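To start, the structure itself, in structure tokens.
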Amino acid sequence: MKLVPGLQDSYNNGMFQAVRGTRDIFSPLVEEYVRLEAIARRLAAQWGFGEIRIPTFEEAGLFKRGVGETTDIVEKEMYVFEDRGERQLALRPEGTASVVRSYVENNMHQKEKNCRLFYVANMFRAERPQAGRYREFEQVGFEVFGDPGPLADAEIITLAWEIFKSFGLSDLRLSLNSIGCPECRGPYREKLETVLAQMISQLCEDCQNRHQKNPLRCLDCKKCSEKVRAQAPAFQLCAACQAHARIVEDLLGACGLTFVNDPSLVRGLDYYTRTVFEISSPVLGSQSAVCGGGRYDGLVELLGGPATPATGFALGVDRVVEARFKEKPPASPPLKEQAAFLVFVKAGPKAVEYGFGLAQRLRQKGVSVFCSSATDSIKSQMRQAGKSGAKYALMIGDDEFSKKQVLLKNLQDSSQATLSPEEVMTRLASPC
Ligand code: HAM
């Protein structure tokens, strides 16, 4: 693909800027991302999930068919592009359709009766950016294949809850609903379609277009959901869906999870059947959903596989980390005990080599050694040492080099001692 000559880009302002809705993430946020991913991986192993790495882009048709042609995600938010082979591709807006594609393509149903997969992956949606809503964001998702029972639903909800608790979130709301199966949804769909036809002039353009193709989507439209819900007929679950929903609730109760039954929770993706849920954090403001999921018993078949029940969820890593920072702002990090900052004090080339060699040997023993440029002033190096979080400064100049010594300064209490390199190694590699 050729770049368009004279294309307007942010360099017109004299520098490039991150694309709208994307951002760079720095410390201390980065450490929290890593910590959350580690917790998710640890619990995934404990609950029997294997990790899958899915491609960043897929055929656009996979999401059209899987997520639903009349959903906001597919209609308005997908990054679709044509590659050099004129294939229509899309950056993944979510992970479930990709995992199901892989499950079908790799015949996983033949290999494992109860297949459990999880992923850590960035997603892309061209939504209107605002606090907590990005165009590139990270999800950790979990999918369970082959289990039609309510226990699998209760298990994934409990797993999501456990991840949040282990991460340290305390203020969370769990909302639960059942959107039934095709059998109970069929008659409801017809009734809703009639109501929507009567109020057609009050609906937004999207809902006017989709009220026949996918009337249930109007219940979840950002613009019309309130008025539609006010006039929508009550949804009646069939006996089997009712029993399923009750057992999910009882199982959650058995684990001590409190939840709110929210009949307005329909989720924005078409593949769900029966159980749907969301977990939100009130500290986050308008984009408060930190996790969403539910059962999707028809999706594997829809994407060309054998009829296979499935259930799962994805949590939004960016929002979870933000919620944690809002609930509990991070304390200043403790001093790094096994870390030193190398400070060159008017050091000639031989003294620099001496310090460089010592730093290398210390790192090989597991000690962290930071340094800046040997040409920086001592004042600047000491300031950087203070900021680095290292407990010690290793001060080296021509004098230390000629006597084969090191001045070790404790940055916490300002005490200092002149030591041999071996004594420094012993002191730092095994701090008291
Ligand atoms: P989702 O509700 O679209 O579900 O996304 C899950 C979570 O991703 C949300 O609860 C939110 O925390 C986060 N998220 C979504 N959009 C954004 C955004 N623009 N910026 C920041 N965070 C965002 C799914 O994606 C389903 N695939 C979940 C699933 C898995 N259902 C069954 N299995």
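The values are calculated or read from the model by the stated rules, or taken from the named source; none is laboratory data. Just so you know, these numbers come straight off a predicted model, no measurement behind them. Glycine gets a Cβ as well: all are built from the backbone with ideal geometry, and neighbour counts include every protein chain shown. Keep in mind that these areas ignore ligands, DNA and RNA; they rest on the heavy atoms of the full protein, side chains included. Shrake-Rupley method; radii C 1.70, N 1.55, O 1.52, S 1.80 Å.
Output the residue which, of all residues in region 274-294 that are more than 11 Å from the ligand (Cβ to nearest atom) and assigned to a loop (DSSP other than H, G, I, E, B), is farthest from residue 172 (Cα to Cα). Per the stated criteria, the residue is 274. Look at (1) of a type in the set (S, T, N, Q); (2) within 27 Å of residue 27 (Cα to Cα); (3) open to solvent by 50 Å² or more (accessible area, probe 1.4 Å) and you find that residue 426 fails only one, number (2). Scanning region 246-268 for residues that are open to solvent by less than 40 Å² (accessible area, probe 1.4 Å), modelled with pLDDT of 95 or more and either β-branched (Val, Ile, Thr) or under 27 Å from residue 72 (Cα atoms) (or both) yields a single hit, 248. Which residues, taken from region 123-135, are out of contact with any Gly (no Cβ under 6 Å at 6 or more places or on another chain) and near the ligand (Cβ under 8 Å from one of its atoms)? Within region 123-135, 123, 125, 127, 132, 133 meet the criteria. All of 140, 99 fail the test of being open to solvent by less than 30 Å² (accessible area, probe 1.4 Å) and either near the ligand (Cβ under 9 Å from one of its atoms) or over 22 Å from residue 160 (Cβ atoms) (or both), apart from 99.
The numbered conditions (1) under 19 Å from residue 263 (Cβ atoms); (2) open to solvent by less than 90 Å² (accessible area, probe 1.4 Å) are all true for residue 222 except (2).
Highlighted here are the strands (runs of 3 or more DSSP E) found entirely within region 2-115 that include at least 3 residues which are of a type outside the set (A, V, I, L, M) and modelled with pLDDT of 95 or more: 57-59.
Regarding residue 113, is this residue more than 11 Å from the ligand (Cβ to nearest atom), without any contact (Cβ under 8 Å) to a residue 40 or more places away in the chain and within 25 Å of the chain's Cα centre (by Cα)? When the stated conditions are applied, residue 113 does not pass them.
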